[in-house]
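Below you'll find the structure, written out as structure tokens, and then a few comments.
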Amino acid sequence: MSCPTTAFCVVVDDTGNEYTYHAGRWGGGNQVDGYGSLTQVSCSSASFCVAIDQNGNPVTMTGGDWSARTVSWTTEAISCPADGYCVAVDGSGGVRYYQNGSWSGVTKIAGNDIFSSISCAAKNACVAVDQDDNVMYYGLAA
């Protein structure tokens with residue numbers, strides 16, 4: 001679930017559907033990803049979200065429309081702190097950025113750590129946690 005405002009939330013489920021809360025009502029049940037379940041979603045606003053499917057592939061929503069899966073690589077966690085911008089961490093110490101409509105290549109930031117979550121307050125202010133509960137700060141003073 002991701003709620004960038006008190007009036008807008010998106011929930012994803014294990015059948016590949018998304019459900020949207022907007023203007024005091026739930027709607028949706030819309031099929032987003034034909035490859036299986038969706039495991040998480042991050043939204044920066046009502047017009048920009050990225051969901052991750054069971055295989056770790058990102059699917060993007062811009063302006064209310066979900067895209068087809070455009071890349072195929074494993075993502076463990078994602079955070080989208082601004083419209084059109086996300087940071088995704090993988091299971092081998094890497095990070096990718098979504099900006100200007102495309103994903104960057106992978107950049108190693110931490111050995112072979114398996115990241116389990118990430119949260120970004122801004123583009124260069126992220127905290128990631130690995131499977132051993134070690135915390136890594138990106139763009140913040142530790």
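A few remarks follow.
- Residue-by-residue Karplus 3J(HN,Hα) for segment 92-108, coefficients 6.51, -1.76, 1.60, Hz, glycine and proline x: 9, x, x, 9, 10, 10, 9, 7, 6, x, 8, 9, 6, x, 7, 10, 6
- Amide H to amide H distances under 5 Å link Trp103 with no residue, where only residues 5 or more positions off or on other chains count and H is placed in the peptide plane.
- Going from the fewest other Cβ atoms within 10 Å to the most, the residues Phe48, Phe8 appear in the order Phe8, Phe48.
- For the chain, with +1 on Lys and Arg beta carbons and -1 on Asp and Glu, the positive-most of Gln54, Met1, Tyr85 along the dipole: Tyr85
Throughout, read-outs are computed from the coordinates displayed, never taken from laboratory work. Here the structure is a predicted model, which means the values were calculated and not measured. With ideal geometry, Cβ positions are generated from the backbone for all residues, glycine too; neighbour counts draw on all protein chains shown.
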